[in-house]
1. Run the helix sum for chain B: -39,500 (n - 2.57) per DSSP H stretch of 4+ residues, divided by residue count, reported at 222 nm to the nearest 500 deg cm²/dmol.
2. Between copies, how far does the label point of residue A:181 sit from its twins, in nm, shortest first, when each point is 7 Å from Cα along Cα→Cβ?
3. Summarise the long-distance tail of P(r) for region B:176-332 by giving the % of C-alpha pairs beyond 29 Å.
4. Ignoring everything but the protein chains, give the 1.4 Å probe accessible area of residue B:95 in square angstrom, nearest 10.
5. Counting only other chains, what is the mean number of Cβ atoms within 10 angstrom of the Cβ of each residue in peptide A:91-97?
6. Top to bottom by accessible area (1.4 Å), largest first, where do A:153, B:251 land?
7. Express the accessible area of chain A per residue in Å², computed with a 1.4 Å probe while the remaining protein chains stay in the model.
8. If one computes P(r) from the Cα atoms of region A:35-121, what percent of pairs lie at distances over 17 Å?
Number of protein chains: 2
Amino acid sequence: MSFSTTTPVIAIHGGAGTLSRASISAEQQAAYRAALDEILRSAQAMLAGGAPAIDVVTEAVRQLEECPLFNAGRGAVYTADGRHELDACVMRGSDLAAGAVAGVRTLRNPILAARAVMEAGGPVLLIGPGAEQFAAECGCETVAPEWFDTPHRLAQLHAMQASDRIALDHDAASHDAPTVPAPLDERDKFGTVGAVALDAHGHLAAATSTGGMTNKRPGRVGDSPLVGAGCYANDRTVAVSCTGVGEAFMRGLAAYDVSALVEYVGLPLRFAARRVVMDKLPPLGGRGGLIAVDARGNVALPFNTEGMYRGWARVGEAPVSAIYADEAGPEQ
Amino acid sequence: MSFSTTTPVIAIHGGAGTLSRASISAEQQAAYRAALDEILRSAQAMLAGGAPAIDVVTEAVRQLEECPLFNAGRGAVYTADGRHELDACVMRGSDLAAGAVAGVRTLRNPILAARAVMEAGGPVLLIGPGAEQFAAECGCETVAPEWFDTPHRLAQLHAMQASDRIALDHDAASHDAPTVPAPLDERDKFGTVGAVALDAHGHLAAATSTGGMTNKRPGRVGDSPLVGAGCYANDRTVAVSCTGVGEAFMRGLAAYDVSALVEYVGLPLRFAARRVVMDKLPPLGGRGGLIAVDARGNVALPFNTEGMYRGWARVGEAPVSAIYADEAGPEQ
C-alpha cells in the first residue's frame, strides 16, 4: 500500500538481522515492541505539535540510544579491545545541513554531538578525541567510558571471541554461544538505530547512531556516521536511515542511492528503496535494511534479512511496530 | 573535445584554488608543472606495461604524497594544534572494493595504508590509532609525526592563526600575510591530491589523499577519505577524485553523483562532471573541482575556482599539465 498524504510521519529502526533460534516468549517480544512504540508515540506528539523533523529524529534517536535493548549509546556493543566506539549522523533535508561524529567514547548521546556539529555549521564530520572535545565545549553530556558497559553486551563479546569471529564474519549454523534471548539473534544482528521524519512544514530529516559491530577492530567506522551511506535527507527527494553490513552500504552509497533513484530515474519511493536493498546491496554482501520517507509522506522499510526492529507512526493514527518479515507494514 | 578510445589514460590533480597575488616567476610555475609531468610519465609507463588501474592510481598518489609542493603526505598542512592529520581513500572499479584511513599521523604514505585496508577485505574505513596500528601490521612504513613538518606549511599556519581564520573561512581581499610564492594562493587553496585511471584491461580506479585544511579543528575529516564524496570508482560508470571545500563535497556526494548522473540520467561524462562542479556544488559552498575518467577513456577535469593543479596522459601521447582555467584541456 502507498500513502500520498502530507500528514507528518515518523519511522524508526533498531537494527536488522536473522531470527533468534532461542525460544522467545511473547513477553520478550513485547519488550522490544513496547520500546519502539514508546519512542514512536513521543515522536508523534512532537510532530503533532509542529516540531521540525530535524528535532524529531534527533530526539527519537536519543531515546533509542538511551534504551539498552538497542546497539547505540548505552547498550552499545564492544570492540575487540573491550571498549565502545560510537558513531552518529544527522541530516536536515531543507538545506542539506549535516553533522556527524565517529569513534567517540565519552559522549552519552552521540546523536546530540552530531547535532551540535551540524548546528555549528563548520566541519560535517569530527572523529575521536577532537569530536569529544568539541561536543563537550558545546555542552553535550560526557560520561566515563564505563557508562556504556552492559553485562549482556560483554557476554556477547566473550562469546564472539571464544569462537574467534566478528559479528560480520559469521556462519549462522555454527552459532552456539549462549546470549540473552531477543527476537533477532544478537550474534547475527546489525545493530544500528535510526529515524526519519516528515514534519508538518513539509521538511524531511534523518538520523542514525550505532555502537558498531561486536568484536570489531578498533578504529573501524561503518556507514552510520557517513552522509549518503547510512544517513541522508533531502526535501526534494527522501530521508533515509540504514542498518546492515556497513561496508556494503558505504561502497553502495545506499542512502544517497535511494535519493538518486527517486530524483534521476523518477522511481516511486517504494521501488527505489527496494531496488537498493534487494538488488544493489546483496552483491556487495549488503545484508540489512533501511527506513525511508519522502516529501509526500510515503514510507518504505525494506530489509533483506529475516527481521528488522522497526516502526512508524502518522499523526492521528496508531503507531505500528514490527520485527519479522511476515508482519504487515507499508512498502516492505 | 571528447575521447572515445579505450587507450589507457591517467589523470591527476594537486588541489584547486584562487590565483596567487604574489608575483610568480616562470620558474616557479615550471616547478609545479614538472612535478605533475614526472608523475604522469611514471603512471603512463605503468599503464603502457599493462599495470592495473588500481596500482597506477595508488602509485601516482604515493608520489604526490612524497612531493612537498602538494598538501598530502610530506608537505601536508597543519591543524589548529600544530599537528598533521592525514586522510586517504582508494577504490577499484571492477568490484567496488575500497579502503580508507582518516586522522592518521604516523603513516608515511596514507594512500598505501588505504590500499592495505582495501586488500584486507574487511573494514573499509579505519580511523586514528586503530588505522595506524593496522597499517603498521600490514607493513606500511611508519614515521615520527615530525616527518611531515615543512617550514612553509608552518609559516602558513602561523599566518592563518595571526589572522584568526581557517583556510575555508577566508576573505581573499583581506589576505596580507606573506607565504611561499606558488601559482595558486596557498592561503586560499583546497589541498588534496588525487588520481583516476583507465587501464588496458578496461578497469577504472580512483585514489585521493589530503592533509586537510590549514588550521582545521583536530578531528575534522573532509571528503577525501569517504567513498562517494571525494573518491569513487565503478567500471560501469566513472572513476572520480575531488578537491575542494570538503563539507560541500560530502553533503553533495560529489564523486558518486557524477556516477549517478552517468548511470541513471545517461549524461556523457563531461556534462555529468560539469553539472556537479558548476551547478550542484556551488549552492552548498562547494568551491573546488574534480578529475574523472569513464570506461571509454573520456576525461573531464572541471573546477569552479581560478585554477587547479592538474594533468592527464594517454598511453602514446605526450602528458599535459595545467594550472589555470584558461589553459587548454579536455572537458573542462
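The values are calculated or read from the model by the stated rules, or taken from the named source; none is laboratory data. Here the structure is a predicted model, which means the values were calculated and not measured. All Cβ positions, even for glycine, are placed from backbone atoms using ideal geometry, and neighbour counts span all protein chains on display. Heads up: the accessible areas ignore ligands, DNA and RNA and are worked out on the full protein's heavy atoms, side chains in. Shrake-Rupley method; radii C 1.70, N 1.55, O 1.52, S 1.80 Å.
1. Values: 8 runs with 89 residues, N = 332.
Here the helix-only value at 222 nm equals -8000 deg cm²/dmol.
2. For residue A:181, the other copies' label points sit at 8.0 nm, shortest first.
3. Details: 1644 of 12246 pairs.
Counting every Cα pair in region B:176-332, those more than 29 Å apart make up 13 percent.
4. In the full protein context, residue B:95 sits at about 60 Å².
5. Values: counts 1, 0, 0, 0, 3, 6, 3.
The mean count of partner-chain Cβ atoms within 10 Å per residue comes to 2.
6. Values: A:153 0, B:251 45 Å².
Listed by decreasing accessible area, they come as B:251, A:153.
7. Values: 10480 Å² over 332 residues.
Per residue, chain A has an accessible area of 32 Å².
8. Values: 1910 of 3741 pairs.
Every Cα pair in region A:35-121 considered, those over 17 Å come to 51 percent.
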